[in-house]
1. Which one of the conditions (1) in contact (Cβ under 8 Å) with a residue 60 or more places away in the chain; (2) under 30 Å from residue 104 (Cβ atoms) does residue 177 fail to meet, given that it meets all the rest?
2. Is it true that residue 142 is modelled with pLDDT under 95, within 14 Å of the chain's Cα centre (by Cα) and surrounded by 13 or more Cβ atoms within 10 Å (Cβ to Cβ)?
3. For the stretch 152-168, what are the residues that are part of a helix (DSSP H, G or I) and in contact with a helix residue (DSSP H, G or I) (Cβ under 8 Å, 6 or more places away or on another chain)?
4. Can you name the strands (runs of 3 or more DSSP E) wholly within the stretch 48-150 that have at least 2 residues being more than 30 Å from residue 171 (Cα to Cα)?
5. Out of the stretch 194-213, which residues are assigned to a loop (DSSP other than H, G, I, E, B) and without any contact (Cβ under 8 Å) to a residue 60 or more places away in the chain?
6. Please work out which residue is surrounded by the most Cβ atoms within 10 Å (Cβ to Cβ), limiting yourself to the stretch 117-131 and to residues that are in contact (Cβ under 8 Å) with a residue 60 or more places away in the chain and closer than 23 Å to residue 31 by Cβ.
7. Give the stretch 96-116 a look and list any residue that's crowded, with 18+ Cβ neighbours inside 10 Å and touching a residue at least 60 places away in the same chain (Cβ under 8 Å), or say none.
8. Kindly establish whether residue 171 is surrounded by 12 or more Cβ atoms within 10 Å (Cβ to Cβ) and out of contact with any helix residue (DSSP H, G or I) (no Cβ under 9 Å at 6 or more places or on another chain).
C-alpha cells in the first residue's frame, strides 16, 4: 500500500529545475508593492524542492499574510537574537534581520533557496556567500514602472491609507526604485506588471538562472 502511494506521489511530483550549479541562493529585492512575492512564488510553484529562507521582523503581520517570507517576532525577542543575524536593519520603526545559520545552511543545501532581501544588504550577502571568484548568489531586482499599479497594490495592502500618506509613500517609493536601478548591485531585472502571468515571469527568470552569473550592473 505504501509503495503504491509513493509511486503515485512520484508521478505527480514536479521536475526539479536546472539551475546554474553555482547558484545556491536567489534573492528578490525591490520597493514595496513591486511584485517580489509573485516573482519568488513563480520559482517555488514550478519546483517543490525550492524553499524560502525566512527573515525575522518586528513588523505587524498584514491581513492574510502567512509566515513564509518573514517570521514575526516581538521587539524584545528580536533584540535577544541580534547576535545571530548576518544582517539587521531598522526600517519604518521596525527591525528586520536574517540569521547567519540559515544562510550557511542554504549555501550547502542540495537545492537552491529563495529569499527576499532589502536593497542595502544585497552586496553584503554576495560578499559573504562568495567562494573566491565563485559567486553563489543570484540577485534579482523587481521593478514596477506603472505608478497606477503601485497605487492599487498599496491601497489593497492598506485600505485605510489617506491620500496624503499615499502621496508621501509614492514619492519615497519612486525615489528608492530609481536608486536601486542605478546601484549596480543586481544581476538581472524583472519588470512586474499585472499582465504578466506566473509562467511568463518564470520563463524570464530561468533564462538567467540557467546561464553563467553575470557581473552586477545598473538598470
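1. Looking at each condition in turn, residue 177 falls short on (2).
2. no
3. Pass one, the stretch 152-168, residues part of a helix (DSSP H, G or I): 152-157, 163-168.
154, 155, 166 - these are the residues of the stretch 152-168 that are part of a helix (DSSP H, G or I) and in contact with a helix residue (DSSP H, G or I) (Cβ under 8 Å, 6 or more places away or on another chain).
4. 85-91
5. 194, 195, 196, 197
6. Just the residues of the stretch 117-131 that are in contact (Cβ under 8 Å) with a residue 60 or more places away in the chain, to begin with: 117-119, 122-123, 125-126, 129.
Okay, now just the ones that are also closer than 23 Å to residue 31 by Cβ, so 117-119, 122-123, 125-126.
Details: 117: 26, 118: 17, 119: 19, 122: 22, 123: 16, 125: 20, 126: 22.
Among those residues, the one meeting the criterion is 117.
7. Within the stretch 96-116, 103, 106, 112, 113, 114, 115, 116 meet the criteria.
8. Judged against the criteria, residue 171 is not a match.
The values are calculated or read from the model by the stated rules, or taken from the named source; none is laboratory data. In this text the structure is predicted, and so the values were computed from the model without any measurement. With ideal geometry, Cβ positions are generated from the backbone for all residues, glycine too; neighbour counts draw on all protein chains shown.
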